[in-house]
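One structure below.
Just so you know, all these numbers are worked out from the coordinates, no wet-lab data involved. Keep in mind that this is a model prediction, so the values were computed, not measured. Positions of Cβ are generated from backbone atoms using ideal geometry, with glycine treated the same way; all protein chains shown enter the neighbour counts.
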Amino acid sequence: MAAQMGRQLGFGGYIAEDQAVTVRPSSTVLFCVDSFDRYATPTDSQFGLSSPYSFSITRNQNIFTGFFKRIALTEIVFPYYIPNINPRTNSMSVIYNGGAEVALTIANGFYTPTALATAIQVALIPLTNGGTTVTYVSPGRFSFDVGAGNDLILFPSGDTGSFGLVDLIGGDGDWVSGNQILIGKITRCRYTEYMDIVSSQLTYNQDLKDATSTNGISRDVLARIYLETEDQSGTVPGTYPFTIYRQFATPKQIKWNETQPIGNLTFEVYDDRGILLSGNDTGANGDQIFPDWRMSLLISEN
């Protein structure tokens with residue numbers, strides 16, 4: 001605001017002056033990031049595999065050179081296309097009535113919980129002689145009815161320390177039926193609860209480091225993007241492809257060394273178990289098929 005000075009008559013006839021201080025907001029500029037910019041030219045995007053979840057932006061000159069002290073993430077658009085049934089979550093092992101361990105595998109893709117219950121039931125037909133009924137019941141639990149006198153054990157296949165189909169449907173370790181019914185924990189039946197977007201170059205200068213309650217994971221993040229939306233349709237986000245849009249009313253403020261430019265950058269996107277997202281791991285037949293994501297940052301002088 002412009003400086004102002006007024007004169008008024010005070011007590012005893014003295015003249016008092018009101019003074020106002022000039023206030024000017026910090027100068028800010030937009031820094032817009034698009035994962036598609038990992039390609040030097042649009043033609044480059046037609047060749048080879050390049051993931052929007054792990055990439056570098058390399059330029060011949062600095063992206064930003066100037067005396068700025070702060071970076072703030074204000075907006076992000078993230079199309080979510082990681083199917084809940086993928087090579088990490090598409091299988092489990094089955095033992096029926098004390099028989100041999102048999103692998104059960106579901107085709108990769110997006111499944112609502114009800115559709116997944118049907119797919120598992122179909123896959124169990126040859127393994128349990130068609131005697132198992134699988135349903136998804138309120139308030140969000142998978143139920144296996146194996147019939148009187150039968151017994152069913154479901155347990156992780158392969159690496160027991162990884163997240164798999166048993167976890168996705170609410171099981172826990174070796175999941176044994178009792179009284180002919182096996183019922184799991186409440187589950188939202190999705191691959192991940194959130195994504196962490198990381199760029200070590202942009203968070204390099206922050207003195208106060210980010211932290212998480214997740215055991216064994218410690219890294220600074222630009223943003224944690226939760227899958228929840230304002231959609232009240234009742235369908236769980238993460239069981240179908242959709243786009244996440246976030247505009248942060250209180251953005252994360254990142255300290256910056258004013259003598260340091262912004263040069264080449266790397267970006268990585270991790271799931272809620274700290275695993276780097278990859279199309280090859282999620283049944284996409286190539287990372288380049290995933291849609292690109294975008295974000296806007298504000299760079300300010302102080």
Debye calc, one equal point scatterer per Cα of region 122-161, no solvent, log10 I(q)/I(0) at q = 0.16, 0.17, 0.24 1/Å comes to -0.52, -0.57, -0.92
Diffing region 100-107: the Karplus 3J(HN,Hα) column from phi (6.51, -1.76, 1.60, θ = phi - 60°), in whole Hz with x for Gly and Pro, holds 6, 5, 10, 7, 10, 10, 10, 4
Restricting to lysines and to Cα separations under 22 Å from LYS255, and discarding same-chain partners fewer than 8 apart, the set is LYS69, LYS209
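How much length, in nm to one decimal, is gained on full extension between LYS255 and THR243, taken as 0.36 nm per residue of separation minus their Cα-Cα distance?
Numbers: separation 12, 0.36 × 12 = 4.32 nm, distance 2.96 nm.
Stretched out fully, the LYS255 to THR243 stretch lengthens by 1.4 nm.
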Simple SL model, points at 7 angstrom along Cα→Cβ for GLN201 and ASN129; separation in nm is 6.4 nm
Note: CYS32 to ILE275 extended length (0.36 nm per residue) minus current alpha-carbon separation gives 84.9 nm
Here the gain from full extension of TYR194 to PHE47, 0.36 nm per residue of separation minus their alpha-carbon distance, amounts to 49.9 nm
Placing each pseudo-label 7 Å from Cα in the direction of the beta carbon, ILE181 and ASN302 end up separated by a distance in nanometres of 6.8 nm
